[in-house]
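J.: Before I ask anything, let me first share the structure, which is written out below as structure tokens.
None of the figures in this text is laboratory data; all of them are computed from the coordinates on show. Quantities reported herein were computed from a predicted structural model and do not represent experimental measurements. Neighbour counts are summed over all protein chains in view; Cβ atoms, including those assigned to glycine, are modelled from backbone coordinates with ideal geometry.
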């Protein structure tokens, strides 16, 4: 394997093993350089207190040039958090996963961003267009053209 | 110590103990021999391989986030990228980009002709296209402006012209060649024999032809069924090879490119170029994956609208083809006034207008035609079997009846009545021939411009350099510098 993604992901993995993940984030599996799973939990006072969610990262061979496809896992009894930017199929509407992705970001920094996105949420509610989106959503959230309407939540 | 040194001059990349590319995260010790060029393109501590940075910038192109990619993600300093970007390329790019706007216009034109596809509109378009292609003279001789008098075959064919042009542009097999080849027959199609207008070969009032037919230009049939498909195949093959030679690409991918063309998939210029570059770079695996994920590259990519725009340009362009052919034909005609050889090649003739009256056309009614044909049929052959005649029933019958049924002669008469004017049309100024040639010249010119655009783009990308800066704006305490002395 000589692709860009495998070398960089190997480095990220080594860093995670050496330094550990930030509080509330745990590496579940990273058996290959295509799919990684993390659990994510919001620490401290929040509407998601003591709820654990599973995040899935899918990488393309030219990661980090191309953004990873990040979703919440919604199979086997796992659920996506009820959040205005998280659809019930696990898709996440966050600009850093789309047009504001930059190779300077990493798997851990994405986790932290999503953790703080949950932490700053005041009220658990689904996205307004949840039903419509879930009905027609593609398998890969990167194929969706999200409109990033609001940065406050 | 480093501070003192900082006073003298700002440290640069060369002074860093460890270099870490912020994109691929590869590290390099300051004293180890450098394998890949690092740059410090901004005003903060981030540094990167130039190759990684250029790859990041290149993949962002055409996705709407070029500006994000061309600045530092941390300090937002714009990267300065230098490359060979001559005025010609900037002009071609601007045209290409602005054609996006024109696309809409094209699309509306196409929309008007195709989706509004009222039979009438298609017929009118077809008539205009045919008139542009074969010229006024022949058009008036065969079809005239009165659409109601057209034979059914002509109508059926002409209505198909817009669709044929678009299909032809997509590279889908279509009856265009047949239409181009059979236009002379439109006036003589059977379903409306009452309107049949043929040259009465028995009428000696037919004026002598201004210029005798010389067998050049080739007949429309030969052109439409043989010459055109052959030329097209040769041209495609050799232009592709030429393109690859110009772009310095290996040729094994030729099969793939041809397939893509035949399926009507015409990716944009830049995409095609970048695909080719990736393919040339090797790594088949990554390449395949890239292709599969091409659409997933960026969620903001306006896939549908891009496709629609491309379709607009394509349809509009296809429907403009007759006008282009006509314009190019006129251009060739003007050129031919200076060059005798070209004039002869184009077979330019004075045409019927002017001193010579147009050939006399006579109508046969269907009944008259059959009557005359029957007459020819039973008329005794002048010298038994010498003529083209095929004796009905063979020699046995011949012997029995004394004189055979001269099927050949009758057939010749009918065919002469039906196709007779085709010869007459051959005597007309072959506007269609120079229009077809002119369109060929246009296609060649267009392909050459496109190739030049691709070549310049490739050179522009290949010559890119990100400007390296020193660390004068960075707090030196943050840097791990090699100790001086």
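J.: Let me have the relative contact order for segment A:4-138, percent, based on Cα pairs under 8 Å that are six or more residues apart.
T.: About 21 percent, as a whole number.
J.: Using Cα springs under 10 Å in a Gaussian network model of chain A, which residue among A:132, A:78, A:58 shows the largest mean-square fluctuation?
T.: Of A:132, A:78, A:58, the Gaussian network model singles out A:132 as fluctuating most.
J.: Okay, moving on. Can you give me the orientation-averaged projected area of the convex hull built on the Cα atoms of segment A:4-138, in nm²?
T.: If you wrap the Cα atoms of segment A:4-138 in a convex hull and average its projections, you get 8.4 nm².
J.: Could you order peptides B:459-468, B:435-444, B:52-61 by the average number of other Cβ atoms within 10 Å of their residues, highest first?
T.: Packing order, densest peptide first, comes out as B:52-61, B:435-444, B:459-468.
J.: On to the next question. What list do you get for B:165, A:118, B:108 if you sort them by fewest beta carbons within 10 Å?
T.: B:108, A:118, B:165
J.: Cα gyration tensor of segment B:434-485, axes a ≥ b ≥ c as square roots of the eigenvalues: rounded (a/c below 1.5), prolate (a/b > b/c) or oblate?
T.: prolate
J.: Would you list B:82, A:51 from fewest to most Cβ contacts within 10 Å?
T.: B:82, A:51
J.: Considering every residue in A:94-106, what mean count of other chain Cβ atoms within 10 Å of its Cβ is obtained?
T.: 5
J.: Any idea how far apart residue A:49 and residue A:28 come out in nm if each label point goes 7 Å out from Cα toward Cβ?
T.: Using points 7 Å along Cα→Cβ, the separation is 2.5 nm.
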